[in-house]
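Chemist: Structure incoming, see below.
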Amino acid sequence: MLASRVVSSVVQRQVKYVTPVPPADAGGVVADVYAQAAEEMRLVTPPLLLHSPAPEALAAYWMLMREPLMTGGAVDRMAKEAVAAAVSVSTICPYCVDMHSAGMYADADADDAEAIVADRVENVADPRIRALAGWARNAHLPDAPVDLTLTAAERAELVGVVVSFHYLTRMVNVFLSSFLVPPRLTPAARRRVKHGIGRLLGRTLRESHPAGRSVSLLPPAELPADAGWAVGNEAVAQATARAYAALEAAGERALSPEVRAVVRRRLGRWRGEETGLSRQWCEDLVDHLSEPDRAAGRLALLTAFASYQVDEEVVAEFRRHHPGDRQLVEAVGWASLVAARQVGALHLPTDPRPAATPPAPHPAGG
């Protein structure tokens, strides 16, 4: 019990800018999410804690992540961890790269995991992991060649993981420390740490949890057209529809129509490219807004397109006009989701781009 309290305290200190709801003090939907997570993951993790000031956003995140990633189905967990790690590389989220490459250590080849970390997917020895990680690494690029042919069930799970991690990595870049594994460690020491994390995670990664358990956390919603990739898995489809609706409502509460319009206009021109180190593009887009909306627009745009550039100054300026923890989580959550939704929409079943068939993903437990 004491060790559990110590771990929980350390985990809570990883969260920046907001005060998480401690598990002992949680009520309502926050307590319900924490209970599911503690049972299935053995810990209320930092990504859950950072969402906790906004209960609906917390439930939405848990549903988006749990249903495609953690339940048994058409694709095994190690393949999904490779997809999560590859997305984390593409969004420049070192914390998530560390976590999900360490997850691969539990059952996959460590050299393959580290090839993904180093952004050298072509060096992955396992052809199945290489195909899936290569696809996921470029899943946000509309003009990237499609190198997967997926069944409806596989598409729902794999695109679901891509969407959830395009969402999550943006949230993590804003609210958590940059690294899970200390960056100053030697490569050999990093591998030893990751092997240890992999051993700790191994049991939870190998378990298959019942599909749909999280869906009742949020009210029913209609699956939008841009989430048609989810139709092959009923639990993923319901979770996606409800989470999208909850995070859209969160954005309406936290951000003005003018700010949301600026972000959507920029999304309409986005081809998956990186913005570069300069933030001038962002300043140009918010220049016409009122002072409070400039601060909000700057936060939302950087979250959507360069989340690793959101710093204390950006957050402090937003909080000068919008001081509540809930509003900050909801604003960042909405901006993270609209970018993730656009990535998911590139992988609808009617995607007309040419496709070649790689080695088929193994079935769960295969």
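Chemist: Ignoring ligands, DNA and RNA, please state the percent of accessible area on the chain from carbon and sulfur, probe 1.4 Å.
Modeler: It is 56 percent, rounded to a whole number.
Chemist: To continue, here is another question. Say each of ALA153 and ARG320 gets a label point 7 Å from the Cα, pointing the same way as Cα to Cβ; how far apart are those two points in nm?
Modeler: Taking the two extended label points, one gets 5.5 nm.
Chemist: For labels at GLN280 and SER216 in the simple 7 Å Cα→Cβ model, what's the distance in nm?
Modeler: 5.6
Chemist: Can I ask one more? Using Cα springs under 10 Å in a Gaussian network model of the chain, which residue among ALA152, ALA246, ALA331 shows the largest mean-square fluctuation?
Modeler: Maximum among the listed residues: ALA152.
Chemist: To continue, here is another question. I need the Kirkwood Rh of the stretch 109-160: take the reciprocal of the average 1/r across all distinct C-alpha pairs and report it in angstrom.
Modeler: After inverting the mean inverse Cα-Cα distance, the result is 11.7 Å.
Chemist: Shifting gears a bit: Please list the non-local residues whose amide H lies under 5 Å from the amide H of LEU176, H modeled 1.01 Å from N, same-chain partners needing a gap of 5 or more.
Modeler: Counting only residues 5 or more places away or on other chains, the set is LYS16.
Chemist: Label-point separation (nm) for GLU122 and SER290, each offset 7 Å from Cα along Cα-to-Cβ?
Modeler: My value for the distance between the label points is 5.3 nm.
Chemist: What does the charge count around ALA261 come to, taking other residues whose C-beta lies under 13 Å from its C-beta (Lys +1, Arg +1, Asp -1, Glu -1)?
Modeler: +1
Chemist: Within the chain, which complete DSSP H helices have Cα atoms spanning at least 27 Å along the helix axis and a mean Kyte-Doolittle hydropathy of -1.0 or higher?
Modeler: 152-175, 234-254, 325-345
Chemist: Additional query: Let's test the formula: R0 of 51 Å, r as the Cβ-Cβ distance of ARG271 and ALA35. What FRET efficiency results, to the nearest 0.05?
Modeler: Taking R0 as 51 Å, the efficiency between ARG271 and ALA35 is 0.75.
Chemist: Dimensions of the chain along principal axes (Cα, Å, largest first)?
Modeler: Principal extents (Cα only, largest first): 55, 55, 45 Å.
Chemist: Please report, in Å, the Rg and the Dmax of the stretch 77-166, where both are computed over Cα atoms only.
Modeler: 11.7, 34
Chemist: So, counting K/R as plus one and D/E as minus one, what does the shell of residues with Cβ under 11 Å around MET63 add up to?
Modeler: Here the charged neighbours net out to +1.
Chemist: Order of 303-309, 333-339, 44-50 by packing, highest average Cβ count within 10 Å first?
Modeler: Going by the mean number of other Cβ atoms within 10 Å, highest first, we get 333-339, 44-50, 303-309.
Chemist: Exactly which trypsin sites (Lys or Arg not before Pro) in the stretch 234-322 are in a DSSP loop and have at most 13 other Cβ atoms within 10 Å?
Modeler: The qualifying sites are ARG271.
Chemist: Right, here's the next one. Can you tell me the convex hull volume per residue for the stretch 209-304, based on C-alpha atoms, in Å³ to the nearest whole number?
Modeler: Dividing the Cα hull volume of the stretch 209-304 by its residues yields 138 Å³.
Chemist: Given 0.36 nm per residue, what is the gain on full extension from THR19 to THR350 after removing their alpha carbon distance, in nm?
Modeler: 114.9 nm
Chemist: Counting only other residues whose beta carbon sits under 9 Å from that of GLU157, what net charge do I get with K and R as +1, D and E as -1?
Modeler: Value of the local net charge: 0.
Chemist: While we're here: In deg cm²/dmol and to the nearest 500, what is the mean residue ellipticity at 222 nm of the chain if only DSSP H runs of at least 4 residues count, each as -39500 (n - 2.57), divided by the residue total?
Modeler: -19500 deg cm²/dmol
The values are calculated or read from the model by the stated rules, or taken from the named source; none is laboratory data. Since the model is a prediction, treat every value here as computed from it, not as a measurement. So basically every Cβ, Gly included, is an ideal-geometry build from the backbone, and we count neighbours across all protein chains shown. The accessibility values were calculated without ligands, DNA or RNA, using every heavy atom of the protein model including side chains. Shrake-Rupley method; radii C 1.70, N 1.55, O 1.52, S 1.80 Å.
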